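Take a look at the structure below.
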Amino acid sequence: MSNPPLAGTADLARPRFTCDWIFNILVVLSDGRVVCGCADPRGERPLGSLAESSLLEIWRSDRVREIRRGLNEGYAPFCLPCGLKRALPAGAPAPQRPVDLETPPRIFLEPTVGCNLSCLEAVCAKESGIIATRSRPFFPLDEFRRVMDEVGPGLVRLDLFNYGEPFVHPQAVAMIEYVKERFPRVYLYISTNGLLLDEAGMKRLIAAGLDEITFSVDGPDQKTYEKYRRGGDLAKALEVMKTLVRLRNEAGREVPFINWRYILFNWNDRPGQMARARRLAKRIGVDRFNWEITDHPPAAKSVRYQPGTRGWRRIRCEIWDTSQIGSALRGGRYEGRIKPAAGIIRMAGSSPAALAVRVKNTGGRTWPVATSSGRRLVRLGAQLHDAEKRLLDRDFARAFLPRDVRGGESLEMTIEIPPPPSLGAYFLKFDLVSEGIDWFENGGSPIAWRELIVGPVRSADHPEGEGHD
C-alpha cells in the first residue's frame, strides 16, 4: 500500500496564477448570462444571470468575491479552465486587489451572438453552433437600458461587442445613442466588420459621440480578404471606413477614433500585401492601422509573425495587443523625442522644482493640447522610480503642452517636479502620454531618464551634467 501524500504536497503541486478580469470587468452575453472574461464563448462558467440578479448583485456576490480572494492567494479553482489567467513566476507573490468592489469600471455587453459572415473556423461563425448556446440571440433594448441605468453612473468603459457582429442587432445604434445621451463620460467602444453600416447609421454614431470603432479587415484584395471573412465584400468594407472618416471630419468631430485591424494569416502576410494594405489605410484616412497576431485556425497562422520571431520583433510596436497607441502608419504614430535640461536634478527638500524640457514631435500625428472628451490630449509626464529604477509612482508629475504640436515641430516647456516622499536618490522617467489611452513608450517612442537627488549633495553623486538617456 502506498504512503499517503505529505501534508501540503497538493498545495505545492497546484499551479499559481493571477488575472485582472474579475477585478475590473464583467462580460454580459446576449441571453443575460454573466461570465468572467472573453474566453468563455459558450457561457459554460456563468457567474450569474440577469434573469435572477442585477449586474451589481452579481459583481458583489459571494461567488465573485471568493474568486477574487483566491486570486489574491495565487489560486482560484474557478479559473483553471480559462486561458486569460497568467502564471506567477516561482516565488513571486500574487498581486493584491480589493475583494469588495462596488461597481465594475468596465463591461463587455454582447448585443447579439449572430453574425453576417462565416469566418473560417471562427468561434462565432454560424457553423460553430454558438447561436444554440444562447437562449436568445439578441439583448433586448429595454433590458439594456435598465442595465445601463444601474451601472452607468460608475462605469468607465463599455465595450459593445463580444461574439457576433454587433450591428446585426437592429437596435445597436439606438443602444449607443442611449449610453452617450445618459452617460456621456462612459468611453464607448465597438468592433465590427463594418458591412452592415449605412450612411444614415454612421451619421447617428457620429452625432451620438461614439468614442472608438475598430474595423476588422484582413487583406488588400477581395481574394485574400474572403479567405477568412467568408461572405464578406472588401470594396464595401473599405467604402464604409472611407465614408465614416469623411462624415466625421465634415462634422468637425474628434470622435469616433477609427481603427483598421488586420489579422495576419499565412495567406496575407507577405511584405507586398502588407504594404498595399498600409497604402489603402493611408488613403482612406483611418486614425490607426494595426496587425493582429493569432494562432487560430492553427493551419492558417502566420508563422513568420508569431511572438518571438524576427518578423514579430520588427513590427512589435505595430501589433494591436502591444499597446493602445502603436500604429503601422508612419504618419499616424505618436512618437516624440524628449530632452530634459538637467543631467541630474537636485532638490533641497520639500519645495518643488521647475524643469525645462525640450520635446519634438517625430511622428506624424498632431499632439492636441485639449480635446472635448478629455481623452487623447497629449501631456508630458514624469514617472518616479527608486534608485534601482523600480516604479514608485507612474503619475508623479504631468505638464500640459503650451500649444498643439504638429509632426516635425519642437517646443520648450516646463514641468514642475514635486518632492518625493523622503530624502534620497531616485530616477525620473520622462515620457509623453495620450491621456486615457497609453504612454508613447508602449508604441515604440523613446523615453528619457534623469537622476533625482533629494537632500544634501553626496560625494558619490554623479558629476553635474551626466545624463541617463
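Quick notes on this one:
- Radius of gyration, Dmax [the stretch 336-390; alpha carbons; angstrom]: 14.7, 40
- Loop-resident GluC sites (Glu not before Pro) (DSSP state other than H, G, I, E or B) in the stretch 219-323 with no more than 12 further Cβ atoms inside 10 Å of their Cβ are absent.
- Listed by chain and number, the lysines placed with their C-alpha closer than 24 angstrom to that of Lys339 are Lys360, Lys389, Lys429; residues fewer than eight positions away on the same chain are left out.
- Share of carbon and sulfur in the accessible area of the stretch 317-411 stands at 47%, probe radius 1.4 Å.
- The stretch 41-119-the stretch 354-375 distance, computed between alpha-carbon centres (Å): 37 Å
- Amide H to amide H, with H built 1.01 Å from N, Ala448 comes under 5 Å of Phe430, counting only residues 5 or more places away or on other chains.
- When the alpha carbon coordinates of the chain are projected onto the principal axes, the ranges are 74, 73, 46 Å, largest first.
- Size of the stretch 102-201: Rg and Dmax of its alpha carbons, in Å, are 13.9, 40.
- Amide H within-cut-off set for Phe257, under 5 Å, with H built and near neighbours excluded: Glu212, Ile213
- Based on protein heavy atoms only, the chain ends up with 46 Å² per residue of surface accessible to a 1.4 Å probe.
- Ser351-Lys282 FRET efficiency (beta carbon distance; Förster radius 35 Å; 0.05 resolution): 0.10
- Taking every DSSP beta bridge that has both ends in the chain, the antiparallel portion is near 60%.
- Cleavage-rule hits (GluC sites (Glu not before Pro)) in the stretch 18-77: DSSP loop, at most 14 neighbouring Cβ within 10 angstrom: Glu44, Glu52
- Residues of type lysines that Lys223 reaches as a straight line, Cα spacing below 19 Å, ignoring anything fewer than 8 places off in the same chain: Lys236, Lys301
- Compactness relative to 2.2 N^0.38 Å, alpha carbon Rg of the stretch 41-174: 1.20
- Taking 18 Å as the cut-off, the amide N atoms of the stretch 365-391 that come nearer than this to a point 7 Å along the Cα-to-beta-carbon line of Glu416 belong to 379-384.
- For Met347, the amide hydrogen comes within under 5 Å of the amide hydrogens of Ile453, Val454, Gly455, counting only partners 5 or more places away or on other chains and with H modelled in the peptide plane.
- Relative contact order %, the stretch 319-469, counting alpha carbon pairs below 8 Å whose residues are six or more apart: 32 percent
- The fraction of all Cα pairs in the stretch 236-318 landing in successive 5 Å bins from 0 to the largest distance is 3, 14, 22, 20, 15, 12, 8, 4, 1, given as whole percents.
- Here is what passes the span test in the chain: the DSSP H helices with alpha carbon length of 18 Å or more along the helix axis and a Kyte-Doolittle mean of -1.0 or above are 234-250, 271-284.
- Helices in the chain, meaning DSSP H runs of at least 4 residues, each add -39500 (n - 2.57). Divided by all residues, the mean residue ellipticity at 222 nm is -6000 deg cm²/dmol.
- Rel. contact order, % - alpha carbon contacts under 8 angstrom, at least six apart, the chain: 9 percent
- With eigenvalues of the C-alpha gyration tensor scaled by 5 and rooted, the stretch 359-437, Å: 26, 13, 11
- The string of couplings for the stretch 31-44 from the Karplus curve (6.51, -1.76, 1.60, θ = phi - 60°) is 8, x, 5, 10, 10, 9, x, 8, 9, 10, x, 9, x, 7 Hz, one whole number per residue in order, with x for Gly and Pro.
- The alpha carbon centroids of the stretch 327-349 and the stretch 183-247 are separated by 34 Å.
- Backbone HN-Hα couplings from phi across the stretch 326-337 [Karplus 6.51/-1.76/1.60, Hz, Gly and Pro as x]: x, 8, 7, 8, 4, x, x, 8, 9, 9, x, 10
- The GluC sites (Glu not before Pro) of the stretch 95-152 that DSSP puts in a loop, and whose beta carbon has at most 11 other beta carbons within 10 Å, are Glu102.
- Kirkwood-type hydrodynamic radius, the stretch 321-469: 15.9 Å, calculated from all non-identical alpha-carbon pairs.
- Kirkwood hydrodynamic radius over Cα pairs of the stretch 255-410, then Stokes diffusion coefficient at 4 °C and 1.567 mPa s, in µm²/s: 71 µm²/s
The values are calculated or read from the model by the stated rules, or taken from the named source; none is laboratory data. This one's a predicted model, so the numbers in the text were calculated from it and none came from an experiment. Cβ sites come from the backbone with ideal geometry, for glycine too, and all protein chains shown count toward neighbours. SASA here: full protein model, heavy atoms, side chains in, ligands and nucleic acids out. Shrake-Rupley method; radii C 1.70, N 1.55, O 1.52, S 1.80 Å.
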